[in-house]
Each structure stands twice: as C-alpha cells, then as structure tokens.
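First up is the structure itself, then whatever we jot down about it.
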Amino acid sequence: MDHRAVEQAERINSRNSPVLQYCGGGVSPEMQAPKLLWVKENLPESWSMVFRWMDLSDWLAYRATGDDTRSLCTTVCKWTYLGHAHMELAREVDSRDMEACGWDDVFWEEVGLEDLVEGNHAKIGRSVAFPGHPLGSGLTPAAAKELGLLAGTPVGTSLIDAHAGGIGVMESVPLSESKTDVTDEDAMCHRMVLVCGTSTCHMAISKNKLFIPGVWGPFWSAMVPEYWLTEGGQSATGALLDYIVENHVAAPLLANRAASQSSSIYELLNKILESILHDRNAAFLSALTEDVHVLPDFHGNRSPVADPKSKGMVCGLTLDSSEKHLALLYLATIQGIAYGTRHIVEHCNSHGHKIDTLLACGGLAKNSVYIQEHADIIGCPIILPRENESVLLGAAILGAVAAKRYSGLHEAMKALNAAGQVVHPSKDPRVKKYHDAKYQIFRSLYEQQLSYRSIMTQALE
C-alpha cells in the first residue's frame with residue numbers, strides 16, 4: 001500500500017522499456033523498481049549500505065536456509081524479471097544450477113539503477129528458481145533451533161502471500177462445479193482466485209500470454225508452473241471497509257456493543273442490514289443502497305484503470321449519523337468493491353480470458369454479505385475453500401513439493417486443495433437489473449472524476 005514512489009513510477013514508465021509490457025504496460029508504484037529508485041534518491045546513505053535487496057518471502061527463505069535463490073514469483077511479479085527468458089534457458093540447463101537469466105540490464109541502466117546490475121545482479125538475485133524448488137540443505141541448525149523444528153527440514157522457494165493463497169485454492173472445486181467438457185488444465189484457466197484481505201489480488205492463469213492493459217502480467221510461471229499469470233488487484237478493500245466504518249460517528253458505540261456480545265463490528269453491521277431489510281420490506285438486501293454509490297479508489301486504482309491518482313467518491317450523503325446509516329454506507333462500499341472486481345473480470349475476459357468461476361480466500365471471504373454481493377454483482381459462483389487459512393496451505397504445499405512428497409506443484413494442489421461452501425448468484429432477475437444499473441453509475445463516477453481533474457488542471461495552468 002506504499003505509494004510514495006508515484007513520481008518514480010511515472011519516470012520509469014516514460015522510458016517505454018520492453019519489459020513494461022509484461023507488467024500491464026507500466027510499473028505500479030507498488031512494484032520494486034520505483035520503490036528502489038525512491039530509496040536511492042531519498043535515502044542515499046541507506047542505499048550505499050545495502051548488501052541485498054529482497055522481498056519478504058525471499059528474505060524468510062534465505063533466513064531459513066542460507067540460500068539466496070530468489071523466487072520466480074517475487075522477481076517476475078514485482079521486479080521486472082522476465083520469467084519466459086528463464087524458461088527458455090531452463091529447457092537446456094538444470095534450473096537448480098542456473099544463474100538468473102531474465103534480468104534486462106538495459107532497463108536497470110535506463111531508469112538510473114545501473115548499480116543493481118553489478119556483480120552479476122548480486123544485490124537483486126543471481127539465482128532464480130520455480131516456487132517449491134528445494135533450497136540449500138533445508139533449515140539450517142540456527143533457523144531450526146529458533147523455530148523449534150528439525151535441522152534439514154525441506155524449505156521450498158517462496159511465493160508472495162497472495163500467490164500462496166492462489167496455490168491454496170485454485171483446485172478447490174467440487175465435482176458439481178467442475179466442467180465435464182474440458183480438461184483439468186483447461187478448467188483452471190476458467191477460474192479466478194480472489195485473495196481478499198487489506199487489499200485484494202485477482203489471480204487468473206492461461207496457457208498463452210495475454211497482454212491486458214492496466215492489469216499486471218503476463219507473468220510466466222509466477223504462481224502455477226508453466227502457466228502465464230494475470231494479476232489484477234484493488235489497493236484497498238479490507239482497509240477501505242475499516243476506514244469507512246472506523247471514521248463514522250456511530251462506530252464507537254457499535255464497537256462497544258460488538259465487544260460485549262463477543263462479536264465483530266462487521267457481524268453486527270450485517271445483522272443491522274437484515275433488520276433494515278425487514279423494516280423497509282425491501283425486495284432484496286442490495287436494494288437498500290439505491291441512493292448511495294461508492295467509488296472505492298480511496299488509495300488509487302490498481303486495476304484495470306491503473307491510476308494511482310484516482311480518489312474515492314461517495315454519492316448520496318445526508319446528515320444521518322445513526323448506526324443504520326453506517327450499515328448502509330458499509331453495504332454500498334462492499335458493492336463498490338464488488339463492482340471494481342466485476343470491472344477487472346470483464347476487462348480480462350475482453351482480452352482473452354474465459355473466467356466464469358471465482359474462488360475466494362482471506363479475511364473478507366469469511367464475511368457472508370461480502371461474498372454474496374460479489375456473486376450477485378459479477379454473476380459467477382464463488383467457491384470458498386474448506387481450509388480457512390489458504391495462504392498457509394499454499395505455503396505448506398511449497399514445503400511438500402520441496403520435500404518431494406509430490407512430483408510438482410500442480411499435483412500437490414490437486415491433492416491438498418478442497419472445496420467448502422459454494423455461493424451462487426441470485427436467480428432473481430430484479431437483482432441483476434439493479435446491479436447492472438448501479439454498475440453503470442460506478443463506471444460513470446470515475447469518468448466524472450477525470451472530467452473534474454481536467455477542469456482543475458486547466459484552472460491551475
């Protein structure tokens with residue numbers, strides 16, 4: 001969520017390097033190249049002292065094993081490493097002994113980070129491996145002692161947390177939802193995983209590389225080996241709901257009541273919505289927000305507009321400061337987030353994907369209203385995994401693959417993923433009509449914002 005490097009991202013994107021086509025057409029300020037440039041320009045003393053630059057997951061793997069092999073997931077998704085170049089050499093050379101071959105040195109030099117090329121990319125990764133590749137000799141004695149585990153316990157090359165969630169749920173499909181007319185491999189390409197937490201990541205894979213403006217990727221083997229990953233996202237989802245709720249005048253009293261009932265404030269809000277639905281005798285829950293519309297870009301738009309300068313908008317405010325008003329604003333915000341996901345799904349499908357099934361994990365996936373609104377708004381069934389902590393399951397799968405318990409990541413996913421509840425979209429045609437109308441308003445809010453931005457830019461010239 002760190003957006004300090006917006007200016008650096010803009011400068012990097014102005015160079016139009018060929019590597020940029022593999023991250024949605026341009027780097028995001030949330031990616032590592034602009035962040036590194038920001039550090040170099042603003043913290044030169046720190047910059048000069050650094051021995052290694054590492055993603056958190058690569059650091060943990062290094063800390064556990066002493067092996068500085070980086071992950072294709074982190075390097076491809078965040079660092080502009082070209083995984084497909086890695087693949088071409090991997091066909092000829094054993095990847096365990098292979099030096100990183102997907103760095104574009106011209107890119108680093110053009111953007112002013114030429115010192116990262118020195119020493120055969122020593123600071124950013126000399127060796128890169130597929131997720132789940134066994135690192136070193138497993139846990140070092142020191143790491144094993146700190147963790148209370150056995151020295152030599154296998155450790156697999158890492159995944160970014162959201163991508164581990166993808167590995168933890170991608171094959172969690174019940175027989176009733178599986179397609180009889182396609183192969184297992186093709187079926188995976190019809191799915192999108194929503195990893196819903198502070199922010200939300202939208203993961204879809206394909207056999208062929210799909211260039212989708214404003215959506216990160218295509219990333220070769222960054223999640224499922226031998227597949228191209230498309231990664232959409234919303235920079236603030238759980239964080240946005242927290243912000244909306246906690247900054248409302250009714251929040252303190254509601255939080256106290258939730259605590260006294262050993263409940264969460266969101267469970268209480270969901271109950272209040274049911275009460276309002278009953279009192280108003282409304283046709284369906286979603287209809288309670290006919291006068292409230294939210295553009296959820298309070299922290300910019302990651303996908304598919306890729307506009308870090310986008311701002312949030314709320315249409316329909318009144319002087320009402322009651323708990324019921326907070327509940328309606330909360331519901332409208334959930335809907336705004338879901339319209340954003342619908343925009344991502346539609347945009348991906350218009351550029352070659354065939355997504356028709358969603359799988360959701362993360363904290364927000366445990367909120368029944370959140371999931372039902374997403375199913376109704378996107379028009380797809382949403383499969384929830386049996387395992388509550390899918391990111392941890394994905395991480396465990398990496399260890400199982402590193403331990404040679406399975407022949408590869410996909411076999412481990414098939415064996416260890418399992419479906420739980422399936423949430424279907426409403427069959428009431430009024431619900432679809434209602435959301436289609438609100439989605440039109442959602443799309444128009446951003447267009448209005450661009451118009452306002454243009455007017456103010458001209459006023460300040």
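The values are calculated or read from the model by the stated rules, or taken from the named source; none is laboratory data. Source: prediction; values computed, not measured. Neighbour counts are summed over all protein chains in view; Cβ atoms, including those assigned to glycine, are modelled from backbone coordinates with ideal geometry.
Confirm whether R405 is basic (K, R) and touching a residue at least 12 places away in the same chain (Cβ under 8 Å). Before the answer, list the steps.
On the way: basic (K, R): yes; touching a residue at least 12 places away in the same chain (Cβ under 8 Å): no.
No.
Could you count how many residues in the range 48-68 are over 20 Å from H163 (Cβ atoms) and free of Cβ contacts under 8 Å to residues at least 12 places away in the same chain?
So the answer is 2.
Out of G119, G136, G112, I need the residue that is over 28 Å from the mean Cα position of the chain (by Cα) and at pLDDT below 95. Which one?
On inspection, the qualifying residue turns out to be G119.
Output the residues belonging to the range 348-369 that are more than 19 Å from H410 (Cα to Cα) and crowded, with 23+ Cβ neighbours inside 10 Å.
Result: C348, G362, A365.
In this structure, is V345 crowded, with 20+ Cβ neighbours inside 10 Å, more than 30 Å from E10 (Cα to Cα) and among the β-branched types (V, I, T)?
It is false that V345 is crowded, with 20+ Cβ neighbours inside 10 Å, more than 30 Å from E10 (Cα to Cα) and among the β-branched types (V, I, T).
For residues that are assigned to a loop (DSSP other than H, G, I, E, B) and either in contact with a Cys (Cβ under 9 Å, 6 or more places away or on another chain) or within 30 Å of T157 (Cβ to Cβ) (or both), tally how many sit in the range 425-461. Break it down stepwise before answering.
Pass one, the range 425-461, residues assigned to a loop (DSSP other than H, G, I, E, B): 425-428, 460-461.
Still in the running and either in contact with a Cys (Cβ under 9 Å, 6 or more places away or on another chain) or within 30 Å of T157 (Cβ to Cβ) (or both): 425.
Total meeting the criteria: 1.
Condition test on H435, is it out of contact with any helix residue (DSSP H, G or I) (no Cβ under 8 Å at 6 or more places or on another chain), on the phi < 0 side of the Ramachandran plot and touching a residue at least 24 places away in the same chain (Cβ under 8 Å)?
no
I'd like the full set of residues that are surrounded by 23 or more Cβ atoms within 10 Å (Cβ to Cβ) and more than 18 Å from D436 (Cβ to Cβ), limited to the range 290-300. Walk me through it before giving the result.
Initial filter on the range 290-300 (surrounded by 23 or more Cβ atoms within 10 Å (Cβ to Cβ)): 294-297.
Within the range 290-300, P296, D297 meet the criteria.
Looking only at helices (runs of 4 or more DSSP H) that fall completely inside the range 108-187, which ones have 2 or more residues that are of a type in the set (A, V, I, L, M, F, W, C) and under 16 Å from H410 (Cβ atoms)?
Details: elements: 118-121, 141-147, 161-169.
By residue number, 161-169.
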